[in-house]
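What follows is calculated from the coordinates using simple rules that are stated; it is not laboratory data. What you are looking at is a predicted structure, and each value in this text was computed from that prediction instead of being measured. A quick note on method: Cβ atoms are made from the backbone with ideal geometry, for glycine too, and the neighbour counts reach across all protein chains shown.
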Amino acid sequence: MKQKNSVGGKSRINVRTMAIVAILSAIAYVLMFMEFSVPLMPGFIKMDLSDLPALIGTFATGPVGGILIALIKNILHLTVTSTAGVGELSNFILNAVFVLPAGLLYKYKRTKASACGGAVLGAVLMAAVSIVSNYFIVYPVYYNFMPEDTILAAYQAIFPGVDSILQSLILFNMPFTFIKAMISVVITFLIYKRLVPILNVTRQKMAKN
């Protein structure tokens, strides 16, 4: 009897996790289209909040769930991509780097302090990895559509002191990525407690169907 209850409990947990991952993946995919330009950044760099659902999912289901949300949203976005999948690959890598520390620290110690510390650590790592990702993965593909000199000129129009793409990534993209991640961190901690009951009700309806 105990074994049956254990199996049933695991089944309910799996259904709950799958439902939350599915819901948040869909939300993240939609948020990818709600991008906008920001001041003091070249026009081809856009801000969106599609990292937010993955971070929420990490705290709700664990680090694997958060990474799955990042993966699924980018797989879905492949159907409308204009970067031959390179942008999606970079986005997935950065999202995984962002949510993994948060999820692992929160799993180890379930306190608000550890969750916050893990999320901030993830934001720092995401910003650092963005330099490598952009320099070696994303921008080499962009050079096929926009010459390197043109991209550099877009940065120089904002700050003439930059003289290379790498320097531009350090001075512009890295702080931008960190701020973007921290916005997701702040929003997550503001809405998470209110969001949990909604997620639970929705996954129960999905499980019944």
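Here are some notes:
- Euclidean distance between Cα centres, the range 163-188 to the range 42-62, Å: 13 Å
- Highest-fluctuation residue, ARG110, ARG194, ARG16 considered, GNM on the chain with Cα pairs under 10 Å: ARG194
- FRET efficiency for the pair PHE189 and ASN144, taken as 1/(1 + (r/R0)^6) with r the Cβ-Cβ distance and R0 = 41 Å, rounds to 0.55.
- For the range 2-208, diffusion coefficient by Stokes-Einstein and Kirkwood Rh (Cα), 20 °C, 1.002 mPa s, µm²/s: 119 µm²/s
- Rounded FRET efficiency, nearest 0.05, which uses the C-beta distance separating ASP163 from VAL80 and R0 of 41 Å: 0.70
- Evaluating 6.51 cos²θ - 1.76 cosθ + 1.60 at θ = phi - 60° for every residue in the range 132-143, the Karplus couplings come out as 5, 4, 5, 5, 9, 10, 6, 5, x, 6, 4, 4 Hz, glycine and proline recorded as x.
- Proxy reagent accessibility, fewest Cβ within 10 Å first, across LEU55, LEU31, LEU94: LEU31, LEU94, LEU55
- Cross-link pairs LYS46/LYS193; LYS73/LYS180; LYS112/LYS193; LYS107/LYS193; LYS73/LYS193; LYS109/LYS180 - those with Cα-Cα distance over 22 Å: LYS46/LYS193; LYS73/LYS193; LYS109/LYS180
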